[in-house]
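Here is the structure we will look at.
Just so it is clear, none of the values below were taken in a lab; they were calculated from the coordinates. Since this is a predicted model, take the numbers as computed values, not measurements. Cβ atoms come from the backbone with ideal geometry, glycine included; neighbour counts cover every protein chain shown.
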Amino acid sequence: MSVAEQSIAGAEARGHGFMASSVGRKVVMAGTGIILFGFVTVHMIGNTQAYMGAETFNAYAKFLHSMLHGGGIWIFRAVLLAATGLHIWSAVTLTLDNRAARPVGYRAQQNVASTWASRTMRWSGVILAAFIVYHLMHLTIGNAHPNFDHANPYANFVNGFKVPAAAGFYIVAQLCLGLHMWHGVWSVTQTLGLSHPRYDSLRRNFATGLTVLVVGVNITYPLAVLTGFIR
Amino acid sequence: MSKHLNLTLHVWRQKNATCDGKFVEYPAENISPDMSFLEMLDIVNEGLIRKGEDPITFDHDCREGICGTCSMVINGRPHGPKERTTTCQLHMRSFKDGESITLEPWRAEAFPVLKDLMVDRGALDRIIAAGGFVSVPTGSAQDANALPIPKENAELAMDAAACIGCGACVAACPNASAMLFLSAKVSQLSLLPQGQPERYTRVRDMVAQMDAEEFGTCTNHGECEIACPKGIKMENIARMNRDFIKASLTYRPAVAGGGGAG
């Protein structure tokens, strides 16, 4: 045991700032989590235009690239990159702290209240990070796409999902997103202190509802292409 | 008359804080289902002493569920399988004849094992010493109801104050986090008028001490709430987080010479 552990001192004396504290980093994770699940929700809603045909979908893509004279998309990208970076930074540092806090485990640990989703947050998070890199290479940059055409996002969407392995990875990633969001959205309310007995069932239901909606709709995109519903 | 039980114990034996430990198997024979869990261990220990062996060391004191001294993880659950029950209040009728029972100490970097099932929980005391108090003069008692307190707040503060500081929340948490303990100690004061003057320095100071003690952090699993023998709710953690956020946004760094009124 180190000397620091044996001594008693307050935040001021320790120079223990917000970003260094465990609760502060959890607030960072929750705040960036709101940005990220807000983004995936809007992303899901925008993509429903794939069901309205090539013209509507391509016009939507053009709008995204031209809003605020083309600067809008870069503001979005900067915010998302910063949020993702901070989210991963807080996750990694907190995970390392948590591992160090229990160096010797139990022989017979029983999980009673935790869920499979809550226990696999680190794994679902890592898979999502890998998926985001692939997704950007696949449908934004195009270097992981069989025949990418910058002028025709709709064709990229359809041709991309015609490859069963690619569509499969998207579906797996969406299931991971579901696990991650279901525990994450509820956790946000707890970490930010948004708890009140009157709204306790509401915040669970909100997490479940938003997760089912986002993941449910997102999974239909690769399935619709594979089944030939979107051509 | 109920049938007596024969059990097999797998107990963590560790000579001292620096030695490596290991599991050792002991039979617990002819155990009355009306015994408490600690009485069962007393019987096993008497047998060990009679054979000239070192008895199993475990923490215990009041044996009526209010002191928070007894600990140990029983078959993977702190204080055993019954909810809202400390180890001393757990009875052998909760077990079946022939059952194997695994006994382990609280596992956390902040709780070093001293011997067998006994750990040092001084880290929790140091968290209290860092801020879990009110600095008011305790002169003669003032008139009843001189300080108006909403009944609901009094009840919630009392619920939080039910924490006996046993550390089961830390033991149950997959991250060995002390957030449920900390939040109970913060809430019992922040809900009452006497706790207000130090409300926002207290929460920052106690979190700083918790981090220095190398407890883990909350990932909202909820294992602590189920393991707590006193039914402390996770709502306290949310309240503590709320106070911590407000404290972090509004605290004023101390200035040399401080204050202007002097």
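Search the structure for amide H atoms under 5 Å from the amide H of B:S177, placed 1.01 Å from N in the peptide plane, and list their residues when 5 or more places away or on another chain.
B:G216
Could you tell me the distance between the Cα centroids of region A:109-166 and region B:95-141, to the nearest Å?
For region A:109-166 versus region B:95-141, the Cα centre distance is 45 Å.
Tell me, what is the FRET efficiency for B:N30 and B:D125 to the nearest 0.05, using R0 = 35 angstrom and their Cβ-Cβ distance as r?
0.35
With respect to the cross-link table entries B:K3/B:K96; A:K26/B:K185; B:K15/B:K82; B:K22/B:K82; B:K82/B:K230; B:K185/B:K230, which display a Cα-Cα separation exceeding 18 Å?
Beyond 18 Å between Cα atoms: A:K26/B:K185; B:K15/B:K82; B:K22/B:K82.
Counting residues in region B:5-114 as N, plug N into 2.2 N^0.38 Å and put the Cα Rg over that result.
Its radius of gyration relative to the 2.2 N^0.38 Å reference: 1.03.
Would you kindly derive the ³J(HN,Hα) couplings of region A:156-167 from the backbone phi angles with the Karplus curve 6.51 cos²θ - 1.76 cosθ + 1.60 (θ = phi - 60°), listing them in order in whole Hz, with x for Gly and Pro?
Running phi through 6.51 cos²θ - 1.76 cosθ + 1.60 with θ = phi - 60° gives 4, 4, 5, 5, x, 7, 6, 7, x, 5, 5, 4 Hz.
For A:K62, project a label point 7 Å along Cα to C-beta. Then give me every residue of region A:134-158 with its amide nitrogen under 13 Å of that point.
From region A:134-158, the list is A:151-154.
Per residue of A:26-33, count partner chain C-beta atoms within 10 Å of its C-beta, then hand back the mean as an integer.
Counting other chains' Cβ atoms within 10 Å and averaging over A:26-33 gives 2.
Once the Cα gyration tensor of chain B is found, what semi-axes does its equivalent ellipsoid get, as square roots of 5 times the eigenvalues, in whole Å, sorted largest first?
40, 20, 16
Please report, in Å, the Rg and the Dmax of the protein assembly as shown, where both are computed over Cα atoms only.
Rg, Dmax (Cα atoms, Å): 27.4, 89.
Quick check: residue separation of A:V104 and A:I132 times 0.36 nm, minus the Cα distance between them. What number comes out in nm?
Result for the pair: 6.7 nm of gain on full extension.
Between A:V27, A:V133, A:V188, find the one with the highest GNM mean-square fluctuation for chain A; connect C-alpha pairs within less than 10 Å.
Between A:V27, A:V133, A:V188, it is A:V133 that shows the largest mean-square fluctuation.
Karplus couplings for region B:225-238 from phi (6.51 cos²θ - 1.76 cosθ + 1.60, θ = phi - 60°), rounded to Hz, Gly and Pro as x?
4, 6, 6, 4, x, 10, x, 5, 8, 5, 4, 5, 5, 4
Could you work out the local net charge near B:K115, counting Lys and Arg as +1, Asp and Glu as -1, over the other residues with Cβ closer than 11 Å to its Cβ?
The answer is -2.
Going by how many other beta carbons lie within 10 Å of each one, how would you line up B:E198, B:E99, B:E223, B:E155, fewest first?
Ranked by crowding around the Cβ, least crowded first: B:E155, B:E99, B:E198, B:E223.
Would you mind getting me the FRET efficiency between B:A144 and A:V112? Use the beta-carbon distance for r and R0 = 51 Å, nearest 0.05.
After rounding, the FRET efficiency stands at 0.75.
List B:C169, B:C228 from most exposed to least, where exposure is judged by having the fewest other Cβ atoms within 10 Å.
Arranged by neighbour count, lowest to highest, B:C169, B:C228 become B:C228, B:C169.
Can you work out the Karplus-derived ³J(HN,Hα) for every residue in region A:221-231? Use 6.51 cos²θ - 1.76 cosθ + 1.60 with θ = phi - 60°, whole Hz, and x for glycine or proline.
Once θ is set to phi - 60°, the couplings for region A:221-231 become 5, x, 5, 5, 6, 4, 7, x, 5, 9, 10 Hz.
Might you report the magnitude of the Cβ-based charge dipole of the protein assembly as shown about its Cα centre, with Lys and Arg at +1 and Asp and Glu at -1, to the nearest 20 debye?
My answer is approximately 1320 debye.
What does the highest-first list of B:10-20, B:74-84, A:118-128 look like by mean Cβ count within 10 Å?
In decreasing order of mean packing, B:10-20, B:74-84, A:118-128 become B:74-84, A:118-128, B:10-20.
Out of the DSSP beta bridges found with both residues in the protein assembly as shown, what percent are antiparallel (nearest 5)?
Just about 75 percent of them are antiparallel.
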